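Notes for the one structure printed next.
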Amino acid sequence: MASLKTNFRVSSKIEAFYTGGKISVSKDGQYLFCPYGNNVNVLDTKTGRVIHTLKQEEGGEVTCLIISPDDEMLIVAYSSLLLKQWEWKQETCIRTWKAIHIAPVVSMAFDSTSTLLATGSSDSTIKVWDVIKQYCTHNLKGSQVVVNLLEFHPDPAKLLLFSASSDSVIRVWNLKTGKCEYQLTKHYSAVTSFSFNQNATLLFSTGRDSVVTIWDLKDFSARRTIPVFEPLEALLVLPNDKPFPELSIDKPGEYIVTCGGQGALKVWDVVSGRNIFTQPANLLEASKSNTYKEGETRVSQAIMCAALNTIVIATHDHNIVFFSIDNFKITKQMVGNNDEILDVKFLGADESHLAVASNSDQLRVFELSTLNCQILTGHTDIIVAIDVFKKGSMLVSSSKDNSVRLWQMNGEDNTLRCVAVGKGHTHSVLSVTASRLSRKFFVSGGEDMTFKVWRIPSELRKEAVSKDVTSLSVSYTEKAHDKSINSLAISPNDKLLATGSQDRSAKLWHLEQEKFLGSFRGHKRGIWCVQFSPTDQALATSSADGTIKIWSISDFTCVKTFEGHDASVLKVSFLSRGMQLLSSGSDGLLKLWTIKHNECTKTFDDHDDKVWAVTPNLEEDQVVTAGADSTIMVWQDMTLVEYEEKKEKEEEQVIREQQLSNLLHEKKFLKALGLAITLNQPFKVLTIVKTILDQPDGNEVLAKTVEKLSDDQTVLLLGFLQVWNTNAKHCHYAQLVLSIILKSCSSMDVMTSSNAKEVIEGLIPYTERHVQRMDRLMQQAMFIEYTWQTMRRATSGPSTSGSEKPNSSLLVEDLPEMSGIQEDASRGDQDERQVEQISDGREETSNEADMDEAPSDGESGLESETEETRDGRKGRKDEKRSNIAPEIRASSKDDGDEDVEEEEMDVMDIGTKDGEEHVGLNGEVRDERVSRTPGRKVRGTQRRGMGSVKRRTPKSALRKRTRPNERKTRSRSTHR
C-alpha cells in the first residue's frame, strides 16, 4: 500500500531572469549579468541558475549595465538617472550618484584599466567618470541624437573614446583635450556595433545599412567597405593566431563574424571581403510565424568570450545562446523569459528533461541538470497542450494553428525532432492526450467541439528518429460537446476516453467500440480538467466553479466533492495510487487532498498567478508545476525525509533528556542549564531553575550558574524569560533570572543582542501587569494588618503581676474560646477604685445609649425586654450573632450568675468617648485615643467594635438589659 504524501518542497526553479536590454559577461566567462526589471540577476553559466540578485526597490528599471574588465565592479544605470556601483559578489551597493544627464543612460563603456567609465545618454551627451576618485572628468557634447554606442581605445595611453549615435556618425573624442577630433561618416544608417582588431590598428563598424566599414586608426580613413546584404546588429573579431578548419579558415589572418537579420553567423575575410562560412542552422527557423516581420532582426547583442571559447548572443525574445567559436554549434541555450506557461511534461527515458508549452509557437525542452534548453520550431501559433507517451521518448503537441505535431527524441544526444504532422481540426486544438500502454494512437480535441483519434504509423514507433515529416491520419472523429473541449483523458487500459468541456459536462466514450457511454453532470461552470484514477473505476473532474468532483464510472454518480479553492480549479492529478489528489487553481494555490477523509492535507502558496500545469513523475517523488507567473517549480516529496528527520529528532531528544536527567542528579546545574537552552526547551530550563532554587543556597547557586553562561546562551535565555513572564505562576522566576542577568551584564551588552527588542517588547506589558497585581496585594495586606491591629487594641491589655490574685468575675473559664492574646493575658484582681472608674465611665455612655430602649423597672433578662425594644435591635443582633460561635450563641442562661456575667460584660466592653482615657481589663489606664464610630450606639455589646466578635460573650450577658442606676450599684456592690 502506497504511503500518503504529507508535504512537498520546492527543490529547484526555472524562472524568468532576463527581460531585455544589454547583457554583460565576466572576463572568465563564469558569470552572466542580465537586467530583470528593477533588478540585476547574476547567473552561473555552467548551471544556468541565478546565484545573485541585485535588488533595487527605488530607482526605476535598469536601462544599462556593464562589468569592469577586472570583474570587480558592476555599474548599473537606472531610469531614475541614478548610477549605482555594486559589490555584486556580496550583493551590496557601495556607491550611488546622480548621472547628471537629463535623460536615461543607454550605453556605457569601461577603459582597459577599469578606472574610467563613459556614459552615453538619450540627451545626446557623453560623460566620463573617474570611478576611483569618484568625480566626473569630462562632459562631451556634439551629437544631436541618442548616443547608443561607446568604446574606449584598447591602448589606455591614447585616451581615445569612440561613440556612435543614431545619426550614423562615429565620433572620436580625445580625452586629453576634451574635444571631438574626428567624425567618421561612411554609414547611411544607425551604427550598431564596432570592434578593434588584435593590434588595435583597424576599427570595424556595422550598421543597419547592410555594410561593414573598415577604418584605419592611423589616419582615421575608411580603408574598405564590405557589403553583407543584411542589417547587422553585431560584429566580432576572430583571434588571428590560430586557424579554424570547421569555419573554412586554413591559415591565420584577419577575419570577422557578423550576425544580423538572417539570424545566421557569417565569417568574412577582411582582406578579400568574401563570405567564407555561413552557419547552417540559424536563429530564424521560426520566421514563418507572425512574430517577426521581414527584415527585422532577432539578435540584439553579441559578446566574444575568449575564456570559454564561445560567442554569447542575446535575442529579442529574451534567449541567450552560446555558440562554439570553432564550429558555430550551439553549446548552451538559456531562456530568459518563458512568458505564460500553459503545459509541462516530463520527458526522456529517465525523466531528465521537461517539455514546456508556453505562450509561444516554440516548444521548449529543458535539461533539468544544466537548464540547457532546446527550442523547437514547427508550429505557427501558440502551443496549448502537450503529452508524452509511455517510454518518454515521443511527444505530441497541439496548437492554435489547428494542427498537432509528433516529436521524437534521439537517445544519443537527447535532441528532439518533428516526425509527423496532423491536420484536420477546423479550430484551435486545446487538448491532447497520448495512449497509456503503447504508442499506437493519441486523441486531440478543441474549439470545434470534436475529438479526433489519430493513428501513428508503425515506422514512427521505432526508437530511431525519422528524418522525414509524415502526415497523420484520423481513425475516428466525434462531435462530443456543445462547447469547446478543454480536457481529454485516456483510461489506464486504453479502452475509455473522458472529455471535459466548457458546457459544464464531462462525457465517457468507449474507444474500441467507438460509442458514447454516459455523461457526468453536476458542475455549475465549465470543466477544465478530467483525470482517470489509476486504480479505481473513478473519474476526477475540476471546474471553474471552484470544486473537484469524483465520479463513479459504473453508474455516473458523484461520489465525493472537494471544496477549498476560491477560484477556478485548472488542473487535478491523482497521487499515492489514487488515494490522494493534487490540484491547482487560478488563485495560484496548490492543494493536496486525501480522498478517504475528504479533506485538504496541505496548501502550497509559492506561485504568484494561475497554475495551469501539474505533472507528477512516474515515481511520484517529484511534481512539476507551472503557470502564468513564468515560473516552473520542481517539487520534491518530503514525506519520507520528514519522517526520518522526526525519528532522528525523537531519538536525539531521548538521549539528551537522559543526559539532562543525569546532570541534574549529579547537581551539575551549569551543564544541565546549557543543555536545556541548546535544546530550546523553555520550560525544561524553568524546571532546572526551580530545582536550583530548592537547594539550601539556591539564590546564590542560580546567580553563579547564570553568570557563567555564554553570550549566545544568555540571549536564548532572555527569549525564554519572555515566555515565562506571560504566566503569573512563573513570572517571579522570570524576574529573578532577569535581575541576575541585568546585574551581571551591562545594558549595552543586553541591547546589542539580536532579540533584545523583541524580548523587551514582550517583557514590559506583562511585567507592568504583575506589578499592578502586587500593588493590589500589598494594599490588601495593609488593610488586613490594620484590621488586626485594631482588633488587638480592642481585645488585649497588659498582663498583671503573678502575686495578685485573679478576680473570680474575670476568670478565663467564664470567657470560652477567646483569642490567643486574651488567653495569654493574666486576669488579676481589680481594685475598687479602678472598677468604680470603669463603672462611672460606662454609666454616662449607658444612660445615653439606653434612653429609648431601657426596659421598665423590675424587669431583667429576656422576660424584661419589651417587644418593641426587641424588634428595634433585631437587625443589629442578627448581624452580631452571625459572627458568634454556635456553641456560645446556644449557651443557656445562668440565673445564679447573672450579676457576675453582667459585670464581666461591663468590664470587657468598657470604652471611652473621644478624648477620654482607655482602661484595660486589669484597670490600668492607657494613654490612647479611641474614636467612636459615627451613628453607632455605644451600649453593651453594640460598643465593642470589631474585636467583640471574637470574645464570644455568653448569650445571657448579651441579652441582659438593666437600668443604668441598677447596673452601677450592682457593679460597685459586687466588687466590694
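The values are calculated or read from the model by the stated rules, or taken from the named source; none is laboratory data. Since this is a predicted model, take the numbers as computed values, not measurements. All Cβ positions, even for glycine, are placed from backbone atoms using ideal geometry, and neighbour counts span all protein chains on display. Side chains included, ligands, DNA and RNA excluded: accessible areas come from the protein's heavy atoms. Shrake-Rupley method; radii C 1.70, N 1.55, O 1.52, S 1.80 Å.
Structure values in brief
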item	result
Sole exception among (1) open to solvent by 50 Å² or more (accessible area, probe 1.4 Å); (2) farther than 29 Å from residue 28 by Cβ; (3) among the hydrophobic types (A, V, I, L, M, F, W, C); (4) in a strand (DSSP E or B) for residue 102, by number	(4)
Some residue of the range 707-719 being modelled with pLDDT under 85, in contact with a Phe, Trp or Tyr (Cβ under 9 Å, 6 or more places away or on another chain) and not in a loop (DSSP other than H, G, I, E, B)	no
Test: residue in the range 49-59 that is closer than 13 Å to residue 312 by Cβ and in contact (Cβ under 8 Å) with a residue 60 or more places away in the chain	no
Matching entry among 63, 53 (being of a type in the set (S, T, N, Q), within 32 Å of the chain's Cα centre (by Cα) and within 21 Å of residue 334 (Cβ to Cβ))	53
Scan of the range 729-752 for residues that are open to solvent by 50 Å² or more (accessible area, probe 1.4 Å), outside any helix (DSSP H, G or I) and modelled with pLDDT under 80, ordered by number	746, 752
Qualifying residue in the range 198-205 (condition: within 22 Å of residue 298 (Cβ to Cβ) and either part of a strand (DSSP E or B) or open to solvent by less than 20 Å² (accessible area, probe 1.4 Å) (or both))	yes
Hits in the range 545-585 (condition: assigned to a loop (DSSP other than H, G, I, E, B) and either over 20 Å from residue 509 (Cβ atoms) or under 31 Å from the mean Cα position of the chain (by Cα) (or both))	545, 546, 564, 565, 566, 567, 568, 576, 577, 578, 579
Residue tally, condition over 19 Å from residue 41 (Cα atoms) and either in a loop (DSSP other than H, G, I, E, B) or modelled with pLDDT of 95 or more (or both), over the range 81-99	2
Scan of the range 562-600 for residues that are touching a strand residue (DSSP E or B) at 6+ places or on another chain (Cβ under 8 Å), over 20 Å from residue 525 (Cα atoms) and open to solvent by 60 Å² or more (accessible area, probe 1.4 Å), ordered by number	598, 599
Test: residue in the range 220-243 that is on the phi > 0 side of the Ramachandran plot and either under 56 Å from the mean Cα position of the chain (by Cα) or at pLDDT 90 or above (or both)	yes
The one condition in (1) in a loop (DSSP other than H, G, I, E, B); (2) open to solvent by 40 Å² or more (accessible area, probe 1.4 Å); (3) more than 25 Å from residue 16 (Cα to Cα) that residue 380 fails to fulfil	(3)
Listing of strands (runs of 3 or more DSSP E) fully contained in the range 287-327 that carry 2 or more residues being modelled with pLDDT of 90 or more, open to solvent by less than 30 Å² (accessible area, probe 1.4 Å) and farther than 21 Å from residue 229 by Cα	310-315, 319-324
Subset of the range 138-156 (residues that are among the polar types (S, T, N, Q) and over 17 Å from residue 64 (Cβ atoms))	139, 144
Candidate set: the range 658-683, residues that are within 31 Å of the chain's Cα centre (by Cα) and open to solvent by 70 Å² or more (accessible area, probe 1.4 Å); chosen: the one farthest from residue 713 (Cα to Cα)	683
Enumeration of residues in the range 386-398 that are open to solvent by less than 10 Å² (accessible area, probe 1.4 Å) and either at pLDDT 95 or above or in contact with a Gly (Cβ under 9 Å, 6 or more places away or on another chain) (or both)	386, 392, 396, 397, 398
Checklist (1) over 21 Å from residue 316 (Cβ atoms); (2) open to solvent by 10 Å² or more (accessible area, probe 1.4 Å); (3) in contact (Cβ under 8 Å) with a residue 60 or more places away in the chain; (4) among the small types (Gly, Ala, Ser) applied to residue 112, failing item	(3)
Options 452, 483: the member that is closer than 22 Å to residue 500 by Cα and assigned to a loop (DSSP other than H, G, I, E, B)	483
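To keep it simple, each residue is scored yes or no on (1) over 23 Å from residue 342 (Cβ atoms); (2) assigned to a loop (DSSP other than H, G, I, E, B); (3) in contact with a Phe, Trp or Tyr (Cβ under 9 Å, 6 or more places away or on another chain).
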{"residue": "587", "(1), (2), (3)": "no, yes, no"}
{"residue": "591", "(1), (2), (3)": "no, no, yes"}
{"residue": "596", "(1), (2), (3)": "yes, yes, no"}
{"residue": "600", "(1), (2), (3)": "yes, no, yes"}
{"residue": "613", "(1), (2), (3)": "no, no, no"}
{"residue": "618", "(1), (2), (3)": "no, yes, yes"}
{"residue": "623", "(1), (2), (3)": "no, no, yes"}
{"residue": "629", "(1), (2), (3)": "no, yes, no"}
{"residue": "635", "(1), (2), (3)": "no, no, yes"}
